[in-house]
Amino acid sequence: MQLVLQNISHRYGGTTVLEDISFTVDDGEIVCIVGPSGCGKSTLLRIAGGLEQPGAGAALISGAPPEGSLNPLTYIFQDFALLPWRTVEDNVSLVLEDHGIERRERRSIIADVLARTNLADFAKALPRQLSGGMRQRVAIARALAVKPAIMLMDEPLSALDSQTRELLMDDLIALWSRERFSACYVTHNLNEAVRLGRRIVVLSRRPGRIREVVEIDMPLTERAARLGELETLQRRVWEIMREEAREADREISDVA
Amino acid sequence: MSHETTVPETARADAVGTRDEATLRPVPFRGGGFVHRPLGPVAPIVFLAILALWEIGSRSGFISQIALPAPSEAFGALVDLATSGMLWKHVGASLYRLFVGWTLGSLLGIAVGLAVGLFSLARAGLLPLVSALFPVPKIALLPLFIIWFGIGEGSKVATILFGTFFPTVIATYAGVDNVDRNLIRMGQSFGLSWLSIVRKIIVPGAMPAILSGFRISASIAIVLLVAAEMIGAEFGIGAYILMAGALFALDQLIAGVALLSVLGLCISWLIGKAEKRLLSWRA
């Protein structure tokens, strides 16, 4: 399944936040979106998943979702968005309960996704008992439970400390190597972008336009060993962004 | 200033690794205070000390019997009440009114509060009404309730019902407003139905606010209970207190007030239990 964003523009009140954004997320591809703060990255992702309507343009999907996909476009949120009153397994169960799946099958789906994210021992724990990294793993398990075609990840590692971030990035790469999921990955962290992205869409400051699309051909699994080359790439992306980021930093923001 | 002249010397001494042992001293601790320690036995000690002082004051004649009867006399009045079999009659009548009035008021309040929290039309239409009626003392409406619902149980239950309804509405809709928007957005992003989002995300998320609303509405209910029972009630703690007051039987009056206090404590304990159970997910 493909996600196609076509000439998307969006305004909040009098402020244009996105202008004429078009790109495609192909099957099995991770597309990273980077840009200075306030450039509308998160808005773009909300539009892509149908949580917000664009002022102009359209978010389209093409092709059928994979067999058994309950929620083709599935989000991973920066703040994890776990229900604090539900245990880990019940948080995963939440997104299955509306699909009329019989209890036994639900149990087996939950056990399966928790095993895939190494959470089996934490099934009965409450979110507050878990570290930030574990909470985000729960959110990833919840996303896997609905068999998404495309994951929409909104700064999924930004609320984590840098060691946890490294661990989760390894997890994501391992997961991707196994399952080849496609994702639209919003981040402000260029290191994450060059480690995970097949393509990096660089946005300008508000109003967000596409400044450049950087393609990275290096296989995901090899990247951890070839950090030197990634460093050069990362610097290149930073050169594109630098002036934009500096200007964005000096702007007075009135848009949340 | 003096420290400006001494600090550079010691700093230099540290930099080269030689300590000036003569001036070595601990960093003064200044992080204390502003933390509450649980002091379990203090509350009963204070309570018993006041009772003891009061008893001693009465027995020594320092406190006049006419002004305030001794606690032992009030206790005696309570024992009399219990042995005559009237205690349960009074308490039972009060508990019944309290239970029916508070339960109905709370259920209606939660329903209307959810509607105000969820639907724009209900908010626009009902919220000004709630704001206008909440501050009206329900006791002032008691004569009206007597005409509408009769002098019997109806008017008493209605007073408590109306008194608990408004604070529950306000607590509930404020709780709904405070539910993390991102959790709702999460529910929408996974395609949960509207009813599921309300039942599984909004109601549990508003529960802390609803329960703290219960604490307030329960106290209001007790106040209104006594007021309502002072008009046309044969039994009830309020009727007992009114009767004692009319006869200037101060020992009975104190006994009745003590009953109300115990009632309030019991309800607050029950709500505490409910909070522990329903909100165990909070730290």
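The values are calculated or read from the model by the stated rules, or taken from the named source; none is laboratory data. Note that this is a predicted model, so its numbers are computed, not measured. For neighbour counting, all protein chains shown are included, and Cβ atoms are generated from backbone atoms with ideal geometry for every residue, glycine included. Just so you know, the surface numbers come from the protein's heavy atoms only, side chains and all, with ligands and any DNA or RNA stripped out. Shrake-Rupley method; radii C 1.70, N 1.55, O 1.52, S 1.80 Å.
Which pairs do you get when a residue that is touching a residue at least 24 places away in the same chain (Cβ under 8 Å), found in the stretch A:92-113, comes within reach of a residue that is among the acidic types (D, E), reach meaning Cβ atoms under 8 angstrom, with the pair 6+ apart or on two chains?
A:I110/A:E89
Assuming A:E89 fulfils every condition listed in (1) of a type in the set (D, E, K, R); (2) surrounded by fewer than 19 Cβ atoms within 10 Å (Cβ to Cβ); (3) more than 8 Å from chain B (Cβ to nearest Cβ) apart from one, which condition is it?
Against the list (1) of a type in the set (D, E, K, R); (2) surrounded by fewer than 19 Cβ atoms within 10 Å (Cβ to Cβ); (3) more than 8 Å from chain B (Cβ to nearest Cβ), A:E89 comes up short only on (2).
Quick check: anything in the stretch A:23-36 among the polar types (S, T, N, Q), free of Cβ contacts under 8 Å to residues at least 24 places away in the same chain and surrounded by fewer than 21 Cβ atoms within 10 Å (Cβ to Cβ)? Spell out the reasoning first.
Narrowing the stretch A:23-36 to residues among the polar types (S, T, N, Q): A:24.
From the residues that got through so far, the ones that are free of Cβ contacts under 8 Å to residues at least 24 places away in the same chain too are A:24.
Now narrow it down to the ones that are surrounded by fewer than 21 Cβ atoms within 10 Å (Cβ to Cβ): A:24.
There is at least one residue in the stretch A:23-36 that is among the polar types (S, T, N, Q), free of Cβ contacts under 8 Å to residues at least 24 places away in the same chain and surrounded by fewer than 21 Cβ atoms within 10 Å (Cβ to Cβ).
Consider the stretch B:141-180. How many of its residues are within 20 Å of B:A239 (Cα to Cα), within 21 Å of the chain's Cα centre (by Cα) and among the polar types (S, T, N, Q)?
So the count comes out to 1.
Which one of the conditions (1) buried (at least 23 other Cβ atoms within 10 Å of the Cβ); (2) touching a Cys at 6+ places or on another chain (Cβ under 7 Å) does A:C184 fail to meet, given that it meets all the rest?
(2) is the only condition that A:C184 fails.
Find the helices (runs of 4 or more DSSP H) located wholly in the stretch A:91-200 whose residues include 3 or more that are under 27 Å from A:A224 (Cα atoms) and among the small types (G, A, S), and list them.
Numbers: elements: A:103-116, A:132-145, A:162-179, A:190-196.
The qualifying helices (runs of 4 or more DSSP H) are A:132-145, A:162-179.
Scan the stretch B:151-158 and tell me whether some residue there is away from every other protein chain (no Cβ under 14 Å), open to solvent by 50 Å² or more (accessible area, probe 1.4 Å) and not basic (K, R).
Residues of the stretch B:151-158 that are away from every other protein chain (no Cβ under 14 Å), as a first pass: B:151-158.
Checking the rest, the ones that are also open to solvent by 50 Å² or more (accessible area, probe 1.4 Å) come to B:151, B:153.
Of the ones still in play, those that are also not basic (K, R) are B:151, B:153.
Checked the stretch B:151-158: at least one residue is away from every other protein chain (no Cβ under 14 Å), open to solvent by 50 Å² or more (accessible area, probe 1.4 Å) and not basic (K, R).
From the list B:G236, B:G213, pick out the single residue that is touching a His at 6+ places or on another chain (Cβ under 7 Å), in contact (Cβ under 8 Å) with a residue 12 or more places away in the chain, small (G, A, S) and more than 14 Å from chain A (Cβ to nearest Cβ).
Numbers: B:G213 fails: touching a His at 6+ places or on another chain (Cβ under 7 Å).
It is B:G236.
Can you tell me which residue is farthest from B:F149 (Cα to Cα) among those in the stretch B:220-242 that are aliphatic (A, V, I, L, M) and assigned to a loop (DSSP other than H, G, I, E, B)?
Initially, the stretch B:220-242 is screened for residues aliphatic (A, V, I, L, M), giving B:220-228, B:230-231, B:233, B:237, B:239, B:241-242.
This time we only want the ones that are assigned to a loop (DSSP other than H, G, I, E, B), so: B:230-231, B:233.
Values: B:M230: 16, B:I231: 14, B:A233: 14 Å.
My answer is B:M230.
Determine which single condition B:I197 fails, assuming it passes every other condition in (1) open to solvent by less than 30 Å² (accessible area, probe 1.4 Å); (2) assigned to a helix (DSSP H, G or I); (3) more than 14 Å from chain A (Cβ to nearest Cβ).
(3)
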